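Everything below concerns the one structure shown next.
The values are calculated or read from the model by the stated rules, or taken from the named source; none is laboratory data. Given the structure is predicted, the values throughout are model-derived calculations rather than measurements. Cβ placement follows ideal geometry from the backbone for every residue including glycine, while neighbour counts extend to all protein chains displayed. All accessible areas refer to the heavy atoms of the entire protein, side chains included, with ligands and DNA or RNA removed. Shrake-Rupley method; radii C 1.70, N 1.55, O 1.52, S 1.80 Å.
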Amino acid sequence: MREFVVQFSESKHTDRMETLSALVERIRPNDPDNSFYASQRIRDIIFILKEDRSLCDKFRSNIVDVVVSSKQSELYTQVNLISRGTFFSEIKKRVFRKILPAEPDLSTLRGIINKVFYKRNDHVWLNGIPDELYAEFIEVLGIKHPSQLGTEDKVVDELRNDIYVLSQVICSLSIDQNIIKNFDQVLDKDSPFMKLHESVDTYIEALENNKISKSREELFYKKVIDSIEECVCFVNEIKESKSKYGTSLALTIVLQKLNLSLKRLDELLRLIVRNSEVEQYASLFRLFKKLVKIENEKNSIRVYFNDTISLLAFQITEHTGRIGEHYVTNNVKEYFEMFINALKGGMVVGFLVVFKFLINGLHLPLLQDTILKALNYSFGFIGIQLTHGTLATKQPSMTASTIAKAIESQTEENEVKEIGNFIIKVFRSQFIAVVGNIALALPVSFAINYIWMVVTGESLISNSKAISKINELDPFSTLCVLHGAIAGIMLFASGTIAGIAENSNVFNGYGNRIKSHPHLKRILGRSVPEKLGDYVNNNIGGLTGNFTLGFFLAFVSFFGSILGLNLDIQHVTFASGNLGFALSSTINSVSWNEVVIALTGIVMIGVVNILVSFSLALFVAIKSRQIKLKKTGKVMVYLLRMFVRKPLAFFFPVHEKN
């Protein structure tokens, strides 16, 4: 280790970066989680420097030269942010930069960090090194904190400049058209962002002219901090208004950048003002670790994908959560209302099953056959919506965001109970919805084909095809459970699109545009556009979700056919309708054993439908609110305990005493 310390200490300006990189390479552990190894190497360096003061002075001189001679503004004023470009264009850029990395500009502090801490996991072991060890290293070198330097020092001058630039960036972001759309007060000179820029300008000018000290008690400094807090409150107010005004990806990105810029401004201010020695160095180390992490992850596809999912999820979940509240039964009255609505849904699906077999009988080419089936499903699902019916297993994709909002509002102690109780409500709501769907889907499809046979003497389905449909529901010899999982994914996807449509309508005001459309008013009169606009406002999410679900379900088998893969969907309600339709043709030729196996398959399909769609939607909803669930085991224990104590609560709403 001494050899590398000496090499850096004795290095000329031209080869300083190479020797510094070699020294960090010596400190870097093979396993990024092994920060103990890195800590030991730093302790070795501290020991070497303590033993040789001459060497220590040279080491300090070179470290200071590296920082002071580099441009710092780009590093301090740029915040880690998801790109405004398209998803795939950003992925392409990151892949290209991974294959052919850009050459770091060693005249900037950002380029130096990229040169020295070039491995993508360097921030992991750096973060694991105790702050006390960093402080000891700085103390041995005798390097002063920026707040202890004079106002004429280059480092302090750069920090002042960066603080001023950041205040301009924040002011500029605040007048983005996506914010002005509903919050035009940001254009006033008294807006919190304008006030922030003014207070920063006054503070920086006073510092430059030595009119004030670097104390945290200075009035000018306090005004800047108060202005930052006002700006944060205003950003939060915009976020909380998403249920009223909706949101968009562009608005979410602007608000994210505003928040990050405000945090960075606060971090830079902490480098200038004097504080307790422990706190001021702690803030310096936190910023250093954060900057390295940002640079390490700037080309990460995984991080970009996760950030994108979070932003998209934020768009989706607010309005699916509002819709989802109607899909959870809280009392006996709502429970039986759900059952009646499920009966309506089951009846519609019974007819959809018959229409699907009629389409099969047309023997159309694959694409035309698929489109007709998709339209059959789509208009059928819309029919269920118009009759206020319920399709079992579709609700979980809508209720997951409701549970995320419930978690978000709970204290840590109540979180496990809240999640557990909500899951019980969802399970029991799904149970009665499945029962209601099956209770009519199976007999309706059975009755239609049976009546047709009595009237015409022929079945709408051949005996061999009917037996094949029954055998498809055997969970032990077919992939029907896997196909049920695929249906769950499609249910989730349609719920996601419903959320996007609902949010887009609120943000862009499609319904209100229809109401005020001059040509529609002239042609249809005043009342028709008014009613049409209200209908769009109240139903666009459901209509969009139901229509797309029909196409999703139909086109899975289409792509399976053209790719030569065994891809299909199995939905519990359609599976029961298929069974009823098939039994009407094979009532005298099928065994009870086959019927029981098919019914077992239907139950398993229903469970998988619910689990997959609910799990995916819950993941997106939680991702949107950055909630970290670390109590999965406790939730499972709570559910098991409740099932032992009150098993009926999982199937029927029992009265609970407060």
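Structural remarks
- Top-ranked residue in segment 133-163 [being touching a residue at least 40 places away in the same chain (Cβ under 8 Å) and part of a loop (DSSP other than H, G, I, E, B); ranked as least open to solvent (accessible area, probe 1.4 Å)]: 145
- Listed by first and then second residue, the pairs with beta-carbon distance under 8 Å, at least 6 apart or on different chains, first residue in segment 211-238 and in contact (Cβ under 8 Å) with a residue 60 or more places away in the chain and among the basic types (Lys, Arg), second open to solvent by less than 90 Å² (accessible area, probe 1.4 Å) and part of a helix (DSSP H, G or I), are 214/147; 214/207; 214/272.
- The number of residues in segment 557-582 being open to solvent by 20 Å² or more (accessible area, probe 1.4 Å) and in a helix (DSSP H, G or I) comes to 6.
- Of residues in segment 584-607 being of a type in the set (A, V, I, L, M) and open to solvent by less than 20 Å² (accessible area, probe 1.4 Å), the one modelled with the lowest pLDDT: 595
- Taking each residue of segment 463-491 that is in contact (Cβ under 8 Å) with a residue 40 or more places away in the chain and small (Gly, Ala, Ser) and looking for partners that are assigned to a helix (DSSP H, G or I) and open to solvent by 20 Å² or more (accessible area, probe 1.4 Å) with beta-carbon atoms closer than 6 Å, six or more apart or interchain, yields 466/585; 484/608; 485/608; 485/612; 488/612.
- Sole exception among (1) buried (at least 23 other Cβ atoms within 10 Å of the Cβ); (2) closer than 20 Å to residue 574 by Cβ for residue 452, by number: (1)
- Of the residues making up segment 34-69, those that are surrounded by 15 or more Cβ atoms within 10 Å (Cβ to Cβ), of a type in the set (D, E, K, R) and closer than 23 Å to residue 107 by Cα are 58, 60.
- Residues of segment 107-132 that turn out to be crowded, with 17+ Cβ neighbours inside 10 Å, touching a Lys or Arg at 6+ places or on another chain (Cβ under 8 Å) and touching a residue at least 60 places away in the same chain (Cβ under 8 Å), as a count: 4
- Any hit, segment 533-547, residues being charged (D, E, K, R) and in a helix (DSSP H, G or I): yes
- Selected residue (criterion: modelled with the highest pLDDT) from residues of segment 61-107 that are assigned to a helix (DSSP H, G or I) and of a type in the set (D, E, K, R): 65
- Condition met for residue 240 (more than 24 Å from residue 182 (Cα to Cα), modelled with pLDDT under 85, among the charged types (D, E, K, R) and surrounded by fewer than 16 Cβ atoms within 10 Å (Cβ to Cβ)): no
- Helices (runs of 4 or more DSSP H) within segment 196-296 that include 1 or more residues among the acidic types (Asp, Glu): 219-240, 249-272
- Tabulated pairs, segment 174-190, first over 14 Å from residue 231 (Cβ atoms), second among the acidic types (Asp, Glu) and at pLDDT 85 or above, C-beta under 9 angstrom, 6+ apart or interchain: 189/198
- Segment 106-145, residues that are within 21 Å of residue 70 (Cα to Cα), more than 32 Å from the chain's Cα centre (by Cα) and of a type in the set (Ser, Thr, Tyr): 107, 108
- Matching entry among 578, 546, 588 (being within 19 Å of residue 357 (Cα to Cα) and of a type outside the set (Phe, Trp, Tyr)): 578
- Index of the failed condition, residue 523 passing every other in (1) open to solvent by 40 Å² or more (accessible area, probe 1.4 Å); (2) β-branched (Val, Ile, Thr); (3) in contact (Cβ under 8 Å) with a residue 12 or more places away in the chain: (3)
- Within segment 165-195, being part of a helix (DSSP H, G or I), crowded, with 17+ Cβ neighbours inside 10 Å and over 30 Å from the mean Cα position of the chain (by Cα) holds for 194, 195.
- Subset of segment 421-443 (residues that are of a type in the set (A, V, I, L, M, F, W, C), open to solvent by 40 Å² or more (accessible area, probe 1.4 Å) and within 17 Å of residue 650 (Cβ to Cβ)): 423, 427, 431, 435
- Among (1) under 26 Å from the mean Cα position of the chain (by Cα); (2) open to solvent by 10 Å² or more (accessible area, probe 1.4 Å) - the single one residue 292 does not satisfy: (2)
- Checking segment 217-226 against the condition returns a match, with at least one residue being at pLDDT 85 or above, open to solvent by less than 20 Å² (accessible area, probe 1.4 Å) and under 36 Å from the mean Cα position of the chain (by Cα).
This table checks each residue for (1) part of a helix (DSSP H, G or I); (2) open to solvent by less than 70 Å² (accessible area, probe 1.4 Å); (3) farther than 18 Å from residue 439 by Cβ; (4) at pLDDT 95 or above.
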{"site": "339", "(1), (2), (3), (4)": "yes, yes, no, no"}
{"site": "358", "(1), (2), (3), (4)": "yes, no, yes, no"}
{"site": "363", "(1), (2), (3), (4)": "no, no, yes, no"}
{"site": "385", "(1), (2), (3), (4)": "yes, yes, yes, no"}
{"site": "390", "(1), (2), (3), (4)": "no, yes, no, no"}
